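This report concerns only the one structure given below.
No lab work stands behind these numbers, since they all come straight from the coordinates. These figures come from a predicted structure and were not determined experimentally. Note that we place each Cβ from the backbone using ideal geometry, even for glycine, and neighbour counts take in every protein chain shown.
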Amino acid sequence: MKQEVRGIPLSSPYLGEREEELVLEVLRSGRLSLGPTIDRFEELFAEAVGAPFAAAVSSGTAGLHLLCVTAGISAGDEVITSPYSFAASANCFIYEGGVPVFADIDARTLNLDPAAVEAAVTPRTKAIVAVDIYGYPCELDELRAIADRHGLAFIQDSCEALGARYKEARLGSHGPGAVFAFYPNKQLTTGEGGIVTTHSEEEWRLLRSLRNQGRGDDGGWLEHVRLGFNYRIDDVRAALGIGQLERLDEILRLRGEVAARYGELLREIDGVEIPCADDEDHVRSWFVYVVKLPSNESRERVIAHFEREGIGFNRYLPSIHLQPYMRERYGFREGLCPVSEDVSARTMALPFFTGLEPEAQERVAEALAAAL
Ligand SMILES: Cc1ncc(COP(=O)(O)O)c(C=O)c1O
């Protein structure tokens, strides 16, 4: 029992009475799906990130898949993405028959290295899926320039990066289709859910049709004009999203404060490398707090200590190409992306969420120092 009281979770959603009120309103309205709350959520979200259009979906993965469909990715097309990401960054195009090509990452930002992406382009390359890992904006202009030069589609996986800024503008506002995700560990949660932002009205209409079983704008419930999916979000979750959006700025500020406190506490600990700092062009939106340790061995020592202390952790993130299904399906092995593999062996997520208490953070820092 004592351990439970002293435990510090890895993550925890930040919800209040406003969310309860908005969800209750929807429950009492009887419009549980395909209702006006979804439209409202989309409008408010688009406004918050500075995109002209947004289409809400059932998950970030669903949103990425839909952008792969609208990009026309089909069997045998190569798609370049980051190995240091969540599996969905690659799965989204594999669903359409795309073939994963992993380009290595930059050791400082942990995002795709544009030179490695350029080197990975072949005549069969169809698209680039760029990830803003841990809320740090990728090298958007360089990567888009590569895509433009080779005539490739460009998809931005911003699932972890709501509120991040690239060259002073929020992600979602720059032009390429971008996807944000709302699982409970994210900056904004709807339980499950995601959203696609686009600057094309035509693509937006297509996304709305694709998520809704391929129904057309004007046809009836039983008319399907294309092959679609059931990737709809519902109004209950959209209401939750509206409540969270209303205090997005507060959420981002509080998360920034938690991250800054970790920065102070961990800076002095030998062997702990904290996440890279912002610069003029890149302003992170804090999603998780991932530190780099000297080796896999030291990471396991820290983990054993955290387990004894009841402190949450995760071995964020394994390299996608070395996941069992990837090895089996494509024969990927160690050595394909050395930077990503080295980082995967040494990185670790610490407890991090909106409103995490300073005392808890001090305990995490003490545990880290003691284990190292
Ligand atoms: C980088 C990245 N891409 C895609 C996803 C998929 O989002 P979802 O879990 O909502 O399908 C996530 C979510 O964890 C993610 O972190």
Antiparallel as a % of all DSSP beta bridges within the chain, to the nearest 5? 60 percent
Stretch A87-E307 to full length: gain in nm at 0.36 nm per residue minus the Cα-Cα span? 76.6 nm
Determine the relative contact order of the chain: mean sequence separation of Cα pairs under 8 Å and six or more apart, normalised by residue count, in whole percent. 23 percent
Taking a spot 7 Å from the Cα of D342 along the direction of its beta carbon, which residues of region 271-296 have an amide N less than 15 Å from it? 273, 292-296
Distance from the Cα centre of region 1-58 to that of region 199-239, in angstrom? 20 Å
Give me, ordered by chain and number, the residues 5 or more places off I8 or on other chains with an amide H under 5 Å from its own placed amide H. I311, G312
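Counting alpha carbon pairs within less than 8 Å and at least 6 residues apart, what relative contact order, in whole percent, applies to region 88-140?
Relative contact order comes out at 32 percent.
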Theoretical FRET efficiency, 1/(1+(r/R0)^6), r = Cβ-Cβ of E264 and R18, R0 25 Å, to 0.05: 0.20
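Set the Förster radius R0 to 35 Å, insert the Cβ-Cβ distance between E250 and A277 as r into 1/(1 + (r/R0)^6), and round the FRET efficiency to 0.05. Spell out each step's value before the answer.
Working: r = 23 Å, r/R0 = 0.66.
For R0 = 35 Å, the calculated efficiency reads 0.95.
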In what sequence do T189, T198 fall when counting other Cβ within 10 Å, fewest first? T189, T198
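Note down the net charge around P100, summing +1 for each Lys or Arg and -1 for each Asp or Glu among other residues with Cβ under 15 Å from its Cβ. Don't jump to the answer; show the numbers that get you there.
Working: positive: R124, K126, R327, R329, R333; negative: D77, E78, E96, D104, D157, E328.
With Lys, Arg at +1 and Asp, Glu at -1, the neighbours total -1.
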